[in-house]
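One structure below.
The values are calculated or read from the model by the stated rules, or taken from the named source; none is laboratory data. Given the structure is predicted, the values throughout are model-derived calculations rather than measurements. Because the Cβ atoms are built from the backbone with ideal geometry, glycine has one as well, and the counts that use them run over all protein chains shown.
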Amino acid sequence: MVQSSILGFPRMGKLRDLKKATEAYWGDKLSKDELLAEGKRLRLEHWKIQKDAGVDIIPSNDFAYYDHVLDHIQMFNAIPERYSKHGLSTLDEYFAMGRGHQKDGIDVPSLEMVKWFDSNYHYVKPTFQNDQTFKLHDDPKPIRHFLEAKEAGITTRPVLLGPVSFLHLGKADRNQNVDPITLLEKLLPVYEQLLKELKKAGAETVQIDEPVLVFDLPSKIRDAFKPAYQKLTALQGGEGPQLVLATYFGDVVHNFDVIDAALTNTYAFHVDLVRNPEQLEKVAQHLGSKQILSAGVVDGRNIWKNNFKRSIELIESAVQKLGKERVIVASSSSLLHTPHTLESEKNLDPEVSDWFAFATQKATEVAIIAKAVTEGASSVKSQLEANAKSLEARATSKRTNNPEVKKRQEAVTKEQHERKSAFPTRYDQQKQHLKLPLFPTTTIGSFPQTKDIRIQRNKFTKGEITAEEYEKFIEKEIRDVIAIQDELELDVYVHGEPERNDMVQYFGERMDGYVFTTHAWVQSYGSRCVRPPIIVGDISRPAPMTVKESKYAASVSKKPMKGMLTGPITCLRWSFPRDDIHQSVQAQQLALALRDEVVDLEAAGIYVIQVDEPALREGLPLRSGSEREKYLSWAVDSFKLSTAGVKDSTQIHSHFCYSEFQDFFHAIAALDADVLSIENSKSDAKLLKVFIDEAYPRHIGPGVYDIHSPRVPSEQEIKDRITEMLEYLKPDQLWINPDCGLKTRQWKETKAALSNMVAAAQSFRSQHSK
Ligand SMILES: CN1c2c(nc(N)[nH]c2=O)NC[C@@H]1CNc1ccc(C(=O)N[C@@H](CCC(=O)N[C@@H](CCC(=O)N[C@@H](CCC(=O)O)C(=O)O)C(=O)O)C(=O)O)cc1
Ligand SMILES: N[C@@H](CCS)C(=O)O
Ligand SMILES: [Zn+2]
């Protein structure tokens, strides 16, 4: 029998229940026990959904209160002393590492948070000491959750992040220089102990994720797999469970020597056949003689309905090679990156909702595909027919094509991608025009999205207040943030983005070619969720999207007002993109729509325009090589096409967060933005060296403080950071700003942090103008 399996389920719940409970706990409105009870309720609900869908192999330990990598950090006691020394409860210590802690005399910033592979999910980076040791938690979560499911009558397959990925995804702590992979020997006994305890608890199989296998790996990482998996697979069938080694988000063909040398003894091997179906042939050849193939054919990263015919063909070809008992039909990755259920979408046009499958529907999809292969197509005849009909309807729908957009794309020229003059000429004009001081201060765009803002927007969406009332409310918010920026003495202002629900969703809602949902939330980090709009057809801009608010803000501001747009790649990547045309085509459509917006902003008197591209790095193919260069070429082109229509005197900014910028520095440079702001406060300032090494000529604002934490940085701390930055950047090149937008923060901490930031900048300004 071909079994079905899911690699992980979304954690938030149907109505973002986990987000609400966690934030209530942080706000002292829910007790620890109540939060834990809510977690348990959600886990049971999610296991039941998968069971009811007919999934044979259901995961546990995929649930996390903040992040699954952080769970492992705590479970292995890889907790830096600055968190462990305060005697916080296990839960509070966990949240302190995730989001910092500034309470009751304790003041500790969070650990660094970075992108999970090429997704919009963020994980907490394991951070190691030179004398790092590991110890298994007394009451390990995977065992607790396995037993919890067992008690509810569901035998699950616990999921662990594998030891090599755990180390490779981590880093040495600040002022430490340990190479994480050298800690493998110390870490393995903890994995062995955990596996044994899981087996004792009754877990017959364990999914062990080694997603780093999709990267091009340095030899020391490749070499680490053999000793690691010799130890762990030796336990199989004896003291330990059978191991299902899982990879996702790419192919593993380039790492076959590692797989042959180290991984063919694992009980099963999971590969992502959505990203790369061609690897099936080769993977099947490289499997150990008894090893099972877990074939990821249901997309864990997008919302399109599965193509059953194609998936069944793929699974049948695997069955021909391996036999039914050696093939599992699976989601390509965890479903963490997809929304909970399509059933909640009451406002979607049925024509398009019929094209989608969210996590709950995907669970049914894996079960149907497995049944079709096990029992024959006739056993699921009606489901297969409905699927074929739906795919046909989408392929022929009028919603997908807009000939006007195609015509405009055909007419795009090379010249449209270039600014009129080179940076030195542009900068001379911008200097005269904007008259900014040395070390100009600014923010990245958003100011706190208060409860009141969300309530008013909600009322407007529901028709409880009129468009005029909402507009007046937004104008008042804009005036308020301008008054605050006056008080703070910032130099380049923003309007605060109060009208935006989200920086991508907002633009999606204003462009043709998109549809949006009401409940399709996806976890982005911690308790924060996003509701990606869905690109279903060719994209165009029916009318200006931001000009009214920016123009109003400029009219009531005495300092330069920065217009604020989300760039084409970020709009694309933080939406659910189409899978029927190449992403470069969608990016160019977005770029043309944004180009019109940039030009309209300039015409409305906005002479500083920021086009955010935080997702540019995330889109980079995970393996180096020609695919990366191809991606960067069209991605950079789309940014340039969207921004190059302005005069030399208009200053173009761009912003990046959540990314290690060194490995795509040349692409950032190629954007030709006049000013870049980049997240940097949690990274080593040494990383800025690339700007000197590459003789970067334009201006840069490396973030001086972390915005994910409510913690307020002191003026001295910011000054120290600026001093470090000046080792790598010239004074007249440096802007002073936070890491990213302030929408998730409260006003109290925002004002305090910005006030310290401006004071630090002013102090440097006066020193340097002497
Ligand atoms: C910069 N980041 C972003 C990423 N991706 C995006 N798509 N957007 C981003 O900004 N990726 C990288 C980072 C990740 N960072 C963040 C930061 C902040 C959030 C966040 O705050 N998310 C909000 C939800 C935002 C939103 O769309 N809000 C809507 C709906 C609000 C709502 O919940 N309404 C209530 C009713 C009103 C009420 O009573 O409060 C309801 O529907 O029940 C809005 O503002 O209108 C979050 O809260 O998680 C995400 C990623
Ligand atoms: N302008 C946006 C950028 C976030 S990446 C903001 O400030 O929230
Ligand atoms: Zn940002």
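Tabulated results
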| item | result |
| --- | --- |
| One residue from ALA587, ALA593 being assigned to a helix (DSSP H, G or I), buried (at least 22 other Cβ atoms within 10 Å of the Cβ) and free of Cβ contacts under 8 Å to residues at least 60 places away in the same chain | ALA587 |
| When residues of the stretch 751-770 are limited to those that are in contact with a Pro (Cβ under 7 Å, 6 or more places away or on another chain) and surrounded by fewer than 22 Cβ atoms within 10 Å (Cβ to Cβ), the one nearest to TRP735 (Cα to Cα) | ARG765 |
| Residue within the stretch 379-388 that is over 23 Å from LYS51 (Cα atoms), without any contact (Cβ under 8 Å) to a residue 12 or more places away in the chain and part of a helix (DSSP H, G or I) present | yes |
| Pair list, Cβ < 8 Å and 6+ apart or interchain, from the stretch 647-658 residues that are more than 12 Å from GLY701 (Cβ to Cβ) and assigned to a strand (DSSP E or B) to residues that are polar (S, T, N, Q) and within 14 Å of ligand 2 (Cβ to nearest atom) | ILE652/GLN610 |
| Condition check for SER638: in contact with a Leu (Cβ under 8 Å, 6 or more places away or on another chain), more than 16 Å from ligand 1 (Cβ to nearest atom) and hydroxyl-bearing (Ser, Thr, Tyr) | yes |
| Members of the stretch 489-505 found to be within 16 Å of ligand 2 (Cβ to nearest atom) and in contact with a strand residue (DSSP E or B) (Cβ under 8 Å, 6 or more places away or on another chain), listed by number | LEU490, VAL492, TYR493, VAL494, HIS495, GLY496, GLU497, ARG500, ASP502, MET503, VAL504, GLN505 |
| Any chance ARG454 is assigned to a helix (DSSP H, G or I) and among the basic types (Lys, Arg) | yes |
| Pick from the stretch 467-492, criterion assigned to a helix (DSSP H, G or I) and among the β-branched types (Val, Ile, Thr), ranking: surrounded by the most Cβ atoms within 10 Å (Cβ to Cβ) | ILE478 |
| Test result for LEU616, within 15 Å of the chain's Cα centre (by Cα), under 25 Å from THR441 (Cβ atoms) and among the aliphatic types (A, V, I, L, M) | yes |
| Pair list, Cβ under 7 Å, 6 or more apart: the stretch 598-617 residue among the charged types (D, E, K, R) and modelled with pLDDT of 95 or more, other residue within 12 Å of ligand 3 (Cβ to nearest atom) and assigned to a helix (DSSP H, G or I) | ASP612/THR570; GLU613/THR570 |
| Search result, residues across the stretch 641-675 that are of a type outside the set (Ser, Thr, Tyr) and within 16 Å of ligand 1 (Cβ to nearest atom) | HIS653, HIS655, PHE656, CYS657, GLU660, PHE661 |
| Hits in the stretch 148-162 (condition: crowded, with 18+ Cβ neighbours inside 10 Å and within 13 Å of VAL206 (Cβ to Cβ)) | THR156, ARG157, PRO158, VAL159, LEU160, LEU161, GLY162 |
| The stretch 743-756, residues that are at pLDDT 95 or above and either small (Gly, Ala, Ser) or out of contact with any strand residue (DSSP E or B) (no Cβ under 6 Å at 6 or more places or on another chain) (or both) | ARG745, GLN746, TRP747, LYS748, GLU749, THR750, LYS751, ALA752, ALA753, LEU754, SER755, ASN756 |
| Qualifying position, being over 24 Å from MET503 (Cβ atoms) and more than 16 Å from ligand 3 (Cβ to nearest atom), among LEU632, LEU622, LEU641 | LEU622 |
| Residue in the stretch 550-571 that is nearest to VAL492 (Cα to Cα), counting only those that are touching a strand residue (DSSP E or B) at 6+ places or on another chain (Cβ under 9 Å), touching a residue at least 60 places away in the same chain (Cβ under 8 Å) and assigned to a helix (DSSP H, G or I) | ALA553 |
| Search result, residues across the stretch 512-526 that are buried (at least 22 other Cβ atoms within 10 Å of the Cβ) and not in a strand (DSSP E or B) | THR517, ALA520, TRP521, GLY526 |
| Leading residue by the ranking (nearest to ligand 2 (Cβ to nearest atom)) among those in the stretch 727-768 that are part of a helix (DSSP H, G or I) and β-branched (Val, Ile, Thr) | THR750 |
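One line per residue, one yes/no per condition, for (1) assigned to a loop (DSSP other than H, G, I, E, B); (2) surrounded by 18 or more Cβ atoms within 10 Å (Cβ to Cβ):
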residue: VAL212; (1), (2): no, yes
residue: GLY238; (1), (2): yes, no
residue: ASP251; (1), (2): yes, yes
residue: VAL258; (1), (2): no, yes
residue: ALA262; (1), (2): no, yes
residue: VAL274; (1), (2): yes, yes
residue: GLU281; (1), (2): no, no
residue: ALA284; (1), (2): no, yes
residue: VAL297; (1), (2): no, yes
